[in-house]
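The values are calculated or read from the model by the stated rules, or taken from the named source; none is laboratory data. Because the structure is a prediction, the values reported are computed rather than measured. Every residue, glycine among them, receives a Cβ derived from its backbone with ideal geometry; neighbour counts consider all protein chains shown. In case anyone asks, the SASA skips ligands and DNA or RNA and just uses the protein heavy atoms, side chains included. Shrake-Rupley method; radii C 1.70, N 1.55, O 1.52, S 1.80 Å.
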2 protein chains.
Amino acid sequence: MARTVNERPDAVAALAEVFREYGYEGASLSVIAARTGLGKGSLYHFFPGGKEEMAGAVLAEIEGWFERAVYAPLREEADAPAAIRRMFRETDAYFRSGRRVCLVGAFALGEVRDRFAARIDGYFAAWRDALAGALRRAGHGEPEEAAEHVVSAIQGALVLARAVDDPAVFVRALRRLETGLGLPAPGA
Amino acid sequence: MARTVNERPDAVAALAEVFREYGYEGASLSVIAARTGLGKGSLYHFFPGGKEEMAGAVLAEIEGWFERAVYAPLREEADAPAAIRRMFRETDAYFRSGRRVCLVGAFALGEVRDRFAARIDGYFAAWRDALAGALRRAGHGEPEEAAEHVVSAIQGALVLARAVDDPAVFVRALRRLETGLGLPAPGA
DNA sequence: CGCATTCTTTACCGATCGGTACACACAGTT
DNA sequence: AACTGTGTGTACCGATCGGTAAAGAATGCG
């Protein structure tokens, strides 16, 4: 074999930004080629399934990142409040304090949802359930309700932040949600 | 003049559903023609500006509806808590208890945002400000914060409801938000 | 080196895109 | 009935869509 350099991961990262920016329909192969630096031939070499496989790879990569950085800690970390605080930090970082959009959420709103229904559902369900578990361990009274609220409010904050073009909306929302959970003080 | 039947409003209503379902890019003129029952000729007669004017008309119609049914009451109704409760009722009805998507929110997430930035920003800003005013009149302690939270959480609930394909998520969110505001009991 | 495999380039495909041109059907007015 | 302006059907435009085919360049292994 030759040149088994894994450019695919790099391509997936670039693809993520393209889909985030243009949406599924809006991301034409020409802009994809331009932004990834790969020709159509290379793209179809890495992703024989075409656009659908590209978007699928992006969604898988996103879910993998959240699983590692957020869901797993929420599930496994002994110090549940710390894991929850970490979730807020990682979320803020991932979404660039409101300057970045949630691709999964954006897909959920469009007709593409049907195509990736399982992945989209899985992403949010895993988040909600992992957070609910951590909240329960942290002694929260209504962990399921609260978890659903937090996950959904984060999405809404991303929508509103972009709608009014003010990332601060997102930052405020995260702070509000975190303090609203009434977690014990970090050093307690 | 002849046949000045106003089919344009009907067309706008149909257009709204098409854009909601397919998004801006995804709504091709062929599906628009099919769903409105109008040929290309008629469409370009009513909307000389093409797709962009169609989407603009839809956004204007949506904003008009909310202005009449929600924002104006929030601003003018003497009984502020009643206006707020009415907002939740109308919102639930408009979004079909979570089965319908917010077109403005969906547009906000995509690249189309730039094209309709003013309209999108205006829609959310008007909602937030009208609600903040009503909350202040209702004696709420932090009306701006609370209003931003409610508007954003409603959007998030629509995203999550569609993502996990469970409209109940939206209904629960509305109830949670309304009770969270601590409004005086209806008969007080 | 030779060779197999991986990757890229390029040209091309039919279909569909948004949009235009224009002839024509219809309805009021006179 | 002739005229006028609104609405519609249809054919067409160049551009771009997502996707394919295949020849060739680059690379690691023997």
Lone unmet requirement of (1) open to solvent by 60 Å² or more (accessible area, probe 1.4 Å); (2) of a type outside the set (V, I, T); (3) under 11 Å from the mean Cα position of the chain (by Cα) for A:A118:
(3)
Can you pull out every residue in segment A:42-64 that is away from chain B (no Cβ under 14 Å), more than 15 Å from DNA strand D (Cβ to nearest atom) and open to solvent by less than 70 Å² (accessible area, probe 1.4 Å)?
A:A60, A:G64
Could you list all residues from segment B:30-41 that are over 24 Å from the mean Cα position of the chain (by Cα) and open to solvent by less than 30 Å² (accessible area, probe 1.4 Å)?
B:L38
Run down B:A60, B:A78, B:A69 and say which single residue is more than 15 Å from DNA strand C (Cβ to nearest atom) and in a loop (DSSP other than H, G, I, E, B).
B:A78
In segment A:76-111, anything open to solvent by less than 10 Å² (accessible area, probe 1.4 Å) and over 15 Å from the mean Cα position of the chain (by Cα) is listed as A:A80, A:A83, A:I84
Selected residue (criterion: most open to solvent (accessible area, probe 1.4 Å)) from residues of segment A:155-169 that are under 18 Å from the mean Cα position of the chain (by Cα), farther than 15 Å from B:E145 by Cα and within 7 Å of chain B (Cβ to nearest Cβ)
A:R162
Within segment B:136-174, residues in a helix (DSSP H, G or I), without any contact (Cβ under 8 Å) to a residue 24 or more places away in the chain and of a type in the set (G, A, S) come out as B:A147, B:S152, B:G156, B:A163, B:A173
Please indicate, with yes or no, whether at least one residue in segment B:7-29 is more than 22 Å from A:D114 (Cβ to Cβ), open to solvent by less than 30 Å² (accessible area, probe 1.4 Å) and among the small types (G, A, S).
yes
Which members of segment B:170-180 meet the condition of being of a type outside the set (D, E, K, R) and either surrounded by fewer than 19 Cβ atoms within 10 Å (Cβ to Cβ) or at the interface with chain A (Cβ under 10 Å from one of its Cβ atoms) (or both)?
B:F170, B:V171, B:A173, B:L177, B:T179, B:G180
Under 6 Å between Cβ atoms, which residue pairs at least 6 apart in sequence (or on different chains) link something in segment A:117-135 that is free of Cβ contacts under 8 Å to residues at least 24 places away in the same chain and more than 11 Å from every other protein chain (Cβ to nearest Cβ) with a partner that is buried (at least 23 other Cβ atoms within 10 Å of the Cβ) and of a type outside the set (F, W, Y)?
A:A132/A:A147
Between A:V101, A:V31, which is in a loop (DSSP other than H, G, I, E, B), within 14 Å of chain B (Cβ to nearest Cβ) and among the β-branched types (V, I, T)?
A:V101
